[in-house]
Amino acid sequence: MINVALAGKGKIIRPSKGKLIIYIPAKVHNDSAFPFKARQDVEIKIDGDKLIVRGKK
């Protein structure tokens, strides 16, 4: 089970053909436990009904 400190309602936006943006609310990404930085490359994987996002090293 994943321990979630903060949660919020996000949104998937399609600003142009071929692109999707995932909106993460400020109360989530401003939390000190949020593991990513702006413009950081990430690995995205689909696992059943879950979207898994991992930081790339």
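For region 7-38, which trypsin sites (Lys or Arg not before Pro) pass both filters: DSSP loop (anything but H, G, I, E, B) and at most 14 other C-beta atoms within 10 Å?
The qualifying sites are Lys9, Lys17, Lys19, Lys37.
From Cα coordinates alone, what are the radius of gyration and Dmax values for the chain in angstrom?
My reading of the Cα-based Rg and Dmax gives 12.4, 36 Å.
Stretch Lys11-Val53 to full length: gain in nm at 0.36 nm per residue minus the Cα-Cα span?
The Lys11-Val53 span can extend by a further 13.6 nm.
No lab work stands behind these numbers, since they all come straight from the coordinates. These figures come from a predicted structure and were not determined experimentally. Reconstructed Cβ throughout: ideal geometry from the backbone, glycine too, with neighbour counts over all protein chains shown.
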